[in-house]
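Below: the structure, in structure tokens.
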There are 2 protein chains.
Amino acid sequence: MTDRKEFRDLATPAAAHDAIDSLELTPAPESVPLTAARGRVLAERIDAGVDVPGFDRASVDGYAVRAADTFGADEADPVELSLVGAVHAGVAPKVSVEAGTCVEVSTGAVLPPGADAVVMVERTNEHLDEDGDPTRIAVRTAVAPGDRVMAAGTDIAAGARALGPGTRLTPREIGLLSALGVNEVPVRGRPTVGIVSTGDELVRPGDELDPNRGEIYDVNSTTIAAGVEAAGGEAVLYPHAGDDYDEMERLLRTAADECDLVLSSGSTSASAVDVIYRVIEARGELLLHGVAVKPGKPMLVGRIDRADGGESAYVGLPGYPVSALTIFRTFVAPAIRSAAGRAEPATATVVGEMAVRERYAEGRKRLLPVGVLDVHDESTAGAEGGRPLVYPVDKGSGATTSLVEADGVVAVDPDTEYLDAGETVTVQLFSPGVAPPTLLGAGEDDPALNRLLDELAAPRYLPVGSREGLRRLRAGVPDVAVTAGPTDRQVESVELGGWRRTWGLAVPAGNPDGITDLGDVVDDDQRLVNRPTETGLRSALDDAMADLAAERGVDRRDLTDAVDGYAMTRRGFESPVRAVCEGRADVGLALRETAERLGCDFVPLGEQSVVVRAAPDRADREAVRAVGAALSGEPFAETLASLPGYERR
Amino acid sequence: MTDRKEFRDLATPAAAHDAIDSLELTPAPESVPLTAARGRVLAERIDAGVDVPGFDRASVDGYAVRAADTFGADEADPVELSLVGAVHAGVAPKVSVEAGTCVEVSTGAVLPPGADAVVMVERTNEHLDEDGDPTRIAVRTAVAPGDRVMAAGTDIAAGARALGPGTRLTPREIGLLSALGVNEVPVRGRPTVGIVSTGDELVRPGDELDPNRGEIYDVNSTTIAAGVEAAGGEAVLYPHAGDDYDEMERLLRTAADECDLVLSSGSTSASAVDVIYRVIEARGELLLHGVAVKPGKPMLVGRIDRADGGESAYVGLPGYPVSALTIFRTFVAPAIRSAAGRAEPATATVVGEMAVRERYAEGRKRLLPVGVLDVHDESTAGAEGGRPLVYPVDKGSGATTSLVEADGVVAVDPDTEYLDAGETVTVQLFSPGVAPPTLLGAGEDDPALNRLLDELAAPRYLPVGSREGLRRLRAGVPDVAVTAGPTDRQVESVELGGWRRTWGLAVPAGNPDGITDLGDVVDDDQRLVNRPTETGLRSALDDAMADLAAERGVDRRDLTDAVDGYAMTRRGFESPVRAVCEGRADVGLALRETAERLGCDFVPLGEQSVVVRAAPDRADREAVRAVGAALSGEPFAETLASLPGYERR
């Protein structure tokens, strides 16, 4: 433990930007087929190589004429012209227009020689000969030279500047390139970004995980790869190096040889940093180690020389996913966009009000992840003034769920001690396309609720337990709280609806210990897995234990202390059942639904109501009314009917 | 010409939306690897299948302890614990923590049995034995159970709702799916959209074009395909049917069998519509023919039965590119997004002021293509109020350049007769990502200018000729006008700079007719190709002809009438030279630069100044100042030095 690196002299965020800006990661331009050019960026100016159209073109169906022949013609006094032929689109004219004659033309046809205008068919009449063929055309309008003709080069003339360098190619630009016949398009190259992730504990998604060895899925590789692609780069995932430092060194060198930029991440051990130091010191340069930003302190910036004499840029990202993605988004993605020739996206910011007070005093610039909730729709905007609520989502950098529970960040200065409730803050959304959820809920976790949420448009639900949900409702953050069982808190709320669920004990299939009630758990030395005290499920068990204690005339605490694992709580409603299934426990506090679905036997102990409650000042919001409608709707009735132990209230 | 279809009973735009909404084009969901899931839309709810983390995890480097052992410890009075082993990330603990002992742990390691907290290394000291190995650890702080430990399932517990159906997958959601080990992601299918384009005149970009046959490049297929992909669909381009109606019928049936939606376009002849009627009447249903919107009237909506008993949706798009893309964007793209599960993009609108009056009286809803110019930067915002200028870009539906010269559309009601200059209008940008140009210029076309524009950020330049450019500058639309030669209009402007260019006559290589001056052109029966009167090049020629007429004591008109083709003007500055190169003319009005570049000989007739002029009220805009800077900069000096016949003023 003597080699642990510390980050005492942290660089400022501005210095980190400068360090990355000094790196060269722009790839050579390339040529792509037009059909693959959407979203790419032109590497050079495109001048028109041809006239568009390439010929004088009839722009309506009608008759090509000499305009002078029509002078004076009108509805009352048409001019008659001899019809001498026809020209259709895509065919070379075989006839010309002399004085007193006309030629039938289709839209898009080449104007025949001699003609200088077209009369649209709607302003003409055909005169037929004995065989019923038209031979003469009555023209009921006068036309001027050039009428209904698109002259060659009118759209764009050969030599004209069509599109400038740096133009991002959307369907519209692709349309113009098509018209010019440009089939191979010179575009900015996409920087190749190699991603090296290390750590013996990392397993690629899809592979088998052994939690007993402390294995976790590798989040950073796929997440950062997706971020690289979104920024216009091309991601290359290198195989895991584990904590084999020779292998890691080899991979870093290979990645530098093959890529414009190398990113490493997932390395949580100090020794991995040593390897990076070693590689960079042997061939390259370290520009920066550590940046004064939270999350994301342990960031490295440098250059690695290539075997071919060139050099690759290098950025070491922190290991925690939220830190890694924050650093990537803040410092690395802009450099990739710049190298790819992409414009910075229009800043997507939301100005809102802090829903709660947030303390801070760490001396680093903080990028506080926050959720945004626009509580001011037509029902409330007048009363409250219109600013969305902003609430902190700070589960720590190690939590991957905060990736999706937040909508953006609030940048907090190093010397800011706190953000007060009601304070105006500016949220930088994670991208301009981020649409914050329409509804925020918090409270009990429940499988029927999960399905109810599927019926709503873009809800966000935080399964923090009944008590905590109610506490947050009172604090004014969520729109709705979901509680199970009796609640001891008095919180003013509007009931939107609810259901009943059967709770009890999950026991192994076949109920080998013959558990019939709670008394058996106390008396038979059963290993229990419990739920946290915030949950309604746990409250129900506590109440049942209190009843049992009263019945037996003992103190409740004596009973609970007698149960092995009563204090052993698990976060999810499936967790106790899974512990029983896997033989890690004898009984688990559970819902009938979960026990049956996961293949356990179930000993029912009671029923409890689950209630969805709205904050009184949000009850009229459209998204909240939609919850009420879904609760009383037919699809949710079918959901309840399909779940064991569930029924409507 | 007897079967021409007319569109007398046009459907309202709302009815067209309804017709398309009634079509079924939602494909079956599919499963994609996580690495290909970015941008896709979840087809179903994803519940966590595992606890994350899957074990109680040390969240810092330090020592796993029993919290009770540390009670009372502080800096002044540390507690000493025996070090009994180590657990690193990715390794199963082989040791447990008993009272009075501790185990070294790395960040991410499994908390060893018996421990309930971790002390961070920074709050400890090692005590070494005689061999220098640490045997006892002094803990300088008290910790509570759970401190620096992330309990199993804390991030997300098995069974919890992770992501809802309809979630668009960004790098953040991909991060959460990675953490859950989800490697195959159930996503909404991408509707398959077949594109059938017809017309004998259409040639695929990249193939050889024969303008004498009236051939043009097929713009719609690639443009609509790009639009389909941008909306979340998968485009399938079918080969050209030409105007072979049997082949076209076969292609439509094949496309219907293979695709969720078939789009046809590029068919400008009425007979092609007959084929579509025939196919749909034989197997399918026509829901709508013609919609009261401009551009885009001739739109078809229907269903085509499939050989397999299902049916495909069908929309017939107009042939002109701007009409086709407008109809596609307005009516078809929303249906594709809906079928793909994509949210409608946040409406990107800009409220601006009409720069000029625009008349309209056609009885159809009009989607007027417009450009947007934000003329109010820091230099002018105070004075003028801040609304961007909106100017019509109406070159007709046949012009592909209006695809890129416009930024969006203004919807004009059927009964609106005109939009007045200064009137407030709302522009629907073509997409939320559209960034209107920073600078608008108009005037002479010039190869040096084309290169100057490359140095500017996102300029838009309309090569309308010197006179027209000046007229527009006076009308208050562009920021700058570029004029060549003397100008007869008095328009107040600020000169930003300019250059000189040599003009004259392009003649075939070797100058076979021995042309030495303008007199030879008049006297030797030369066929001339001229430029339009709006251009400075033409003004120079007119002036030279006037001088020659004065010299010879004749009327200028007599001289110009004597020149074959004096009235034969071509739009682009390269066009006359190309006509000479290709033997279609004997002499062409040209710049030395163009004649030499395209391989002609050149007879100089004079020099003229090209001047870049800013509107006085825009001269302080940042983008305009950037033009002045570029004009006097070194790169542009190099450009001028590299172009034959060019020099600085």
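Can you work out which of the residues in the range A:142-162 that are part of a loop (DSSP other than H, G, I, E, B) and not hydrophobic (A, V, I, L, M, F, W, C) is farthest from the other protein chains (Cβ to nearest Cβ)?
The first filter runs over the range A:142-162 and keeps only residues part of a loop (DSSP other than H, G, I, E, B), leaving A:142-148, A:151-155, A:157-160.
Add one more test, that the residue is not hydrophobic (A, V, I, L, M, F, W, C), and what stays is A:145-148, A:153-155, A:159.
Details: A:PRO145: 10, A:GLY146: 11, A:ASP147: 13, A:ARG148: 11, A:GLY153: 4, A:THR154: 6, A:ASP155: 5, A:GLY159: 3 Å.
Top of the filtered list is A:ASP147.
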Yes or no: A:THR154 open to solvent by 40 Å² or more (accessible area, probe 1.4 Å) and over 60 Å from the mean Cα position of the chain (by Cα)? no
Filter pass, A:PRO508 being surrounded by 15 or more Cβ atoms within 10 Å (Cβ to Cβ), closer than 18 Å to A:LEU598 by Cβ and modelled with pLDDT of 95 or more: yes
One residue is enough: does the range A:634-648 have a residue meeting the conditions within 14 Å of chain B (Cβ to nearest Cβ), under 39 Å from the mean Cα position of the chain (by Cα) and surrounded by fewer than 17 Cβ atoms within 10 Å (Cβ to Cβ)? yes
Exactly one of B:GLY485, B:GLY465, B:GLY422 is crowded, with 20+ Cβ neighbours inside 10 Å, touching an Asp or Glu at 6+ places or on another chain (Cβ under 6 Å) and at positive phi, and that one is B:GLY465
Considering only the range A:16-38, I want to know if a residue exists there that is within 12 Å of chain B (Cβ to nearest Cβ), surrounded by 13 or more Cβ atoms within 10 Å (Cβ to Cβ) and closer than 26 Å to B:THR594 by Cβ. no
Which one is surrounded by the most Cβ atoms within 10 Å (Cβ to Cβ), of the residues in the range B:113-141 that are of a type in the set (Gly, Ala, Ser) and away from chain A (no Cβ under 13 Å)? B:ALA115
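Out of the residues in the range A:88-98 that are more than 60 Å from the chain's Cα centre (by Cα) and open to solvent by 40 Å² or more (accessible area, probe 1.4 Å), which is nearest to the other protein chains (Cβ to nearest Cβ)? Don't jump to the end; show me each part of the working.
Start the filter on the range A:88-98 by keeping residues that are more than 60 Å from the chain's Cα centre (by Cα), which leaves A:95-98.
Adding the requirement that they be open to solvent by 40 Å² or more (accessible area, probe 1.4 Å) leaves A:96, A:98.
Details: A:SER96: 14, A:GLU98: 19 Å.
Only one residue fits best here, namely A:SER96.
Looking for something in contact with a strand residue (DSSP E or B) (Cβ under 6 Å, 6 or more places away or on another chain), within 26 Å of B:ALA448 (Cβ to Cβ) and in a strand (DSSP E or B) - is there at least one such residue anywhere in the range B:538-555?
The first filter runs over the range B:538-555 and keeps only residues in contact with a strand residue (DSSP E or B) (Cβ under 6 Å, 6 or more places away or on another chain), leaving B:540-541, B:544.
Cutting the leftovers down to within 26 Å of B:ALA448 (Cβ to Cβ) gives us B:540-541, B:544.
Going one step further and asking which of them are in a strand (DSSP E or B), we end up with none.
No, the range B:538-555 contains no residue that is in contact with a strand residue (DSSP E or B) (Cβ under 6 Å, 6 or more places away or on another chain), within 26 Å of B:ALA448 (Cβ to Cβ) and in a strand (DSSP E or B).
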Name the residue that is nearest to the other protein chains (Cβ to nearest Cβ), counting only residues in the range B:70-87 that are in contact with a strand residue (DSSP E or B) (Cβ under 6 Å, 6 or more places away or on another chain) and touching a residue at least 40 places away in the same chain (Cβ under 8 Å). B:LEU83
A:GLU311 is checked against (1) of a type outside the set (Val, Ile, Thr); (2) at pLDDT 90 or above; (3) within 21 Å of the chain's Cα centre (by Cα); (4) surrounded by fewer than 24 Cβ atoms within 10 Å (Cβ to Cβ) and fails just one. What number does that condition carry? (3)
Go through the range A:91-106 and give me each residue that's touching a residue at least 24 places away in the same chain (Cβ under 8 Å) and in contact with a helix residue (DSSP H, G or I) (Cβ under 7 Å, 6 or more places away or on another chain). A:ALA99, A:GLY100
Pair list, Cβ under 6 Å, 6 or more apart: the range B:333-344 residue closer than 17 Å to A:ALA435 by Cα and of a type in the set (Gly, Ala, Ser), other residue outside any loop (DSSP other than H, G, I, E, B) and open to solvent by less than 20 Å² (accessible area, probe 1.4 Å): B:GLY341/B:VAL41
Elements of type strands (runs of 3 or more DSSP E) in the range A:316-404, at least 1 residues being within 12 Å of chain B (Cβ to nearest Cβ), open to solvent by less than 20 Å² (accessible area, probe 1.4 Å) and at pLDDT 90 or above: A:365-373
Condition (residue is under 11 Å from B:VAL196 (Cα atoms), within 13 Å of another protein chain (Cβ to nearest Cβ) and surrounded by fewer than 24 Cβ atoms within 10 Å (Cβ to Cβ)) applied to the range B:256-269: is it met by at least one residue? no
Test result for A:VAL612, away from chain B (no Cβ under 14 Å) and under 20 Å from A:THR516 (Cα atoms): no
Given the conditions (1) out of contact with any Ser or Thr (no Cβ under 7 Å at 6 or more places or on another chain); (2) within 23 Å of B:SER221 (Cβ to Cβ), and given that A:GLY232 satisfies all but one, which numbered condition is not satisfied? (2)
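Between B:ARG168, B:ARG140, which is over 30 Å from B:THR124 (Cα atoms) and of a type in the set (Lys, Arg)? Even if it seems obvious, please write down each step before you answer.
Values: B:ARG140 fails: over 30 Å from B:THR124 (Cα atoms).
Answer to the selection: B:ARG168.
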Looking only at the range A:282-304, decide whether some residue is in a helix (DSSP H, G or I) and of a type in the set (Asp, Glu). no
How about the range B:471-487: which of its residues are in contact (Cβ under 8 Å) with a residue 40 or more places away in the chain and not hydroxyl-bearing (Ser, Thr, Tyr)? B:LEU473, B:ALA475, B:GLY476, B:VAL477, B:PRO478, B:ASP479, B:VAL480, B:ALA481, B:VAL482, B:ALA484, B:GLY485, B:PRO486
Using beta carbons and a limit of 6 Å, which pairs, at least six apart or on different chains, have the first residue in the range A:564-584 and surrounded by fewer than 23 Cβ atoms within 10 Å (Cβ to Cβ) and the second one in a helix (DSSP H, G or I)? A:TYR566/A:THR560
What's the number of the condition B:VAL412 fails, among (1) under 21 Å from B:GLY363 (Cα atoms); (2) open to solvent by 40 Å² or more (accessible area, probe 1.4 Å)? (2)
Per-region count, the range B:99-112, residues loosely packed, with under 15 Cβ neighbours inside 10 Å and either of a type in the set (D, E, K, R) or within 11 Å of chain A (Cβ to nearest Cβ) (or both): 0
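Can you name the residue in the range A:460-496 that is among the small types (Gly, Ala, Ser), closer than 17 Å to A:ASP617 by Cα and not in a loop (DSSP other than H, G, I, E, B) and, of all such residues, is farthest from the chain's Cα centre (by Cα)? Spell out the reasoning first.
Restricting attention to the range A:460-496, the residues satisfying the condition of being among the small types (Gly, Ala, Ser) are A:465-466, A:469, A:475-476, A:481, A:484-485, A:493.
If we keep only those that are closer than 17 Å to A:ASP617 by Cα too, we end up with A:469, A:475-476, A:481, A:493.
From what is left, the residues that are not in a loop (DSSP other than H, G, I, E, B) are A:469, A:475, A:481.
Working: A:GLY469: 26, A:ALA475: 29, A:ALA481: 26 Å.
Within the range A:460-496, the match that is farthest from the chain's Cα centre (by Cα) is A:ALA475.
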Given the conditions (1) in contact (Cβ under 8 Å) with a residue 12 or more places away in the chain; (2) within 12 Å of chain A (Cβ to nearest Cβ); (3) among the aliphatic types (A, V, I, L, M), which single one is not true for B:MET299? (2)
Name the single residue, out of those in the range B:433-461 being more than 10 Å from chain A (Cβ to nearest Cβ) and touching a strand residue (DSSP E or B) at 6+ places or on another chain (Cβ under 6 Å), that is surrounded by the fewest Cβ atoms within 10 Å (Cβ to Cβ). B:ALA448
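The values are calculated or read from the model by the stated rules, or taken from the named source; none is laboratory data. Note that the coordinates shown come from a computational prediction; the quantities given were computed from them, not determined experimentally. Neighbour counts are summed over all protein chains in view; Cβ atoms, including those assigned to glycine, are modelled from backbone coordinates with ideal geometry. With ligands, DNA and RNA removed, areas are computed over all heavy atoms of the protein, side chains included. Shrake-Rupley method; radii C 1.70, N 1.55, O 1.52, S 1.80 Å.
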